[in-house]
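Shown next, in structure tokens, is the structure this report addresses.
The values are calculated or read from the model by the stated rules, or taken from the named source; none is laboratory data. The structure displayed is predicted, hence computed values, not measured ones. Methodologically, a virtual Cβ is constructed for each residue, glycine included, from the backbone with ideal geometry; neighbour enumeration extends over all protein chains shown. Ligands, DNA and RNA are excluded from the accessible area calculation, which covers all protein heavy atoms including side chains. Shrake-Rupley method; radii C 1.70, N 1.55, O 1.52, S 1.80 Å.
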Amino acid sequence: MDKLLAEIRSCTLCLPHLEHGVNPVLAAHKNSRIAIIGQAPGSVVHQTGVPWDDKSGERLRQWLGISKPQFYDPQLMALIPMGFCYPGKGKSGDLPPRKECAAAWHDKLFQELENLELTLLIGSYAQNHYLKDQQLATLTETVKNFHAYMPHTFVLPHPSPRNNIWIKKNPWFESELLPELKQLVASIVNK
């Protein structure tokens, strides 16, 4: 796993397409029990090199009901974005993650994760890639039917503050989904 992580961190596949340069950001250990598949690092994470080191990460840790040290313990959590480098800004937020990363590295990473019990698919990019024809027509419908993917996969919207309106429009998310997510994560983390 160490050799693979070093290869990924020195990857330059997307360099010609990245205005801000490459800085592949991820964390994993062969003993990781939960894989969090996100979108791509934002500008803050690009600077710090620490996955989910922003407001989205704060909210995600609240959703999971875990502490920052637990979240950043690679023997518990593998933090694997769809695109490992910051893709840059678009008209309405960050650009989509580069597709080269998942194609080049995800299968290799998952072959090394020997103790994986749960995969969290965060946002439409991760869900489109991993669920394929198992996802429903919209992200909202997919997330609302989260039970269909359990117990080894859990689907979530992106925890970005940009999704505050979505969360307010879908009160079931906080009242029904989050308690089940916290319970499932605790059952794995507290073993």
Of the chain, which part is the longest with no GluC sites (Glu not before Pro) in a loop (DSSP not H, G, I, E, B) and with at most 11 other C-beta atoms within 10 angstrom?
-> 20-113
Mean projected area (nm²) from the convex hull of Cα positions in region 83-191 is 8.1
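Report, in deg cm²/dmol and to the nearest 500, the calculated mean residue ellipticity at 222 nm for the chain, where each DSSP H run with n ≥ 4 adds -39500 (n - 2.57) and the sum is divided by the residue count. Walk me through the intermediate numbers first.
On the way: 9 runs with 67 residues, N = 191.
Taking each H run of at least 4 residues, the total per residue is -9000 deg cm²/dmol.
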Using label points projected 7 Å from each Cα along Cα→Cβ, tell me how many nm separate Asn128 and Ile165, to one decimal.
-> 2.0
Relative counts (whole %) of C-alpha pair distances in region 1-56, using bins that are 10 Å wide = 21, 51, 26, 2
Within the set Gly83, Gly93, Gly65, GNM on the chain using Cα springs under 10 Å gives the largest fluctuation to Gly93
Starting from the amide H of Phe154, placed 1.01 Å from N in the peptide plane, find each other amide H under 5 Å away whose residue is 5 or more places distant or on another chain.
-> Thr119, Leu120, Leu121
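Looking at the calculated P(r) for the chain, what percent of the C-alpha pair distances fall above 24 Å?
Value for the chain: 35 percent of Cα pairs lie more than 24 Å apart.
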Straight-line reach from Lys132: which lysines have a Cα under 19 Å away, not including same-chain ones fewer than 8 places off?
-> Lys99, Lys144
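Just the accessible area per residue of region 56-98, please: how many Å² with a 1.4 Å probe?
Per-residue value: 42 Å².
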Excluding ligands, DNA and RNA, the carbon-plus-sulfur percentage of the accessible area of the chain with a 1.4 Å probe reads 50
Check Lys89: other-chain or 5+ apart residues with amide H under 5 Å from its amide H, H built from backbone geometry?
-> Leu95
Expressed in angstrom and rounded, the centroid-to-centroid distance over alpha carbons for region 128-146 and region 1-26 is 29
Please identify the trypsin sites (Lys or Arg not before Pro) of region 1-98 that satisfy two criteria: DSSP loop assignment and at most 14 other Cβ atoms within 10 Å. Which are they?
-> Lys91
Specify the residue with the greatest mean-square fluctuation among Leu156, Leu18, Leu113, computed from a Gaussian network of the chain linking alpha-carbon atoms under 10 Å apart.
-> Leu18
Could you pull out every residue, at least 5 positions away or on a different chain, whose amide H is within less than 5 Å of the one on Ala78? Hs are placed 1.01 Å off N in the peptide plane, and Pro or chain starts have none.
-> Arg33, Ile34, Ala35, Ile36
Which of Val25, Val143, Val50 moves the most in a Gaussian network model of the chain with Cα springs under 10 Å?
-> Val50
Could you pull the Rg and Dmax for region 18-116, using just the Cα atoms, both in Å?
-> 13.3, 40
³J(HN,Hα) computed for each position of region 22-38 - Karplus, 6.51 cos²θ - 1.76 cosθ + 1.60, integer Hz, glycine/proline x = 9, 7, x, 10, 6, 8, 6, 8, 4, 9, 3, 9, 10, 9, 10, 9, x
Residue-by-residue Karplus 3J(HN,Hα) for region 65-72, coefficients 6.51, -1.76, 1.60, Hz, glycine and proline x = x, 10, 7, 4, x, 5, 4, 8
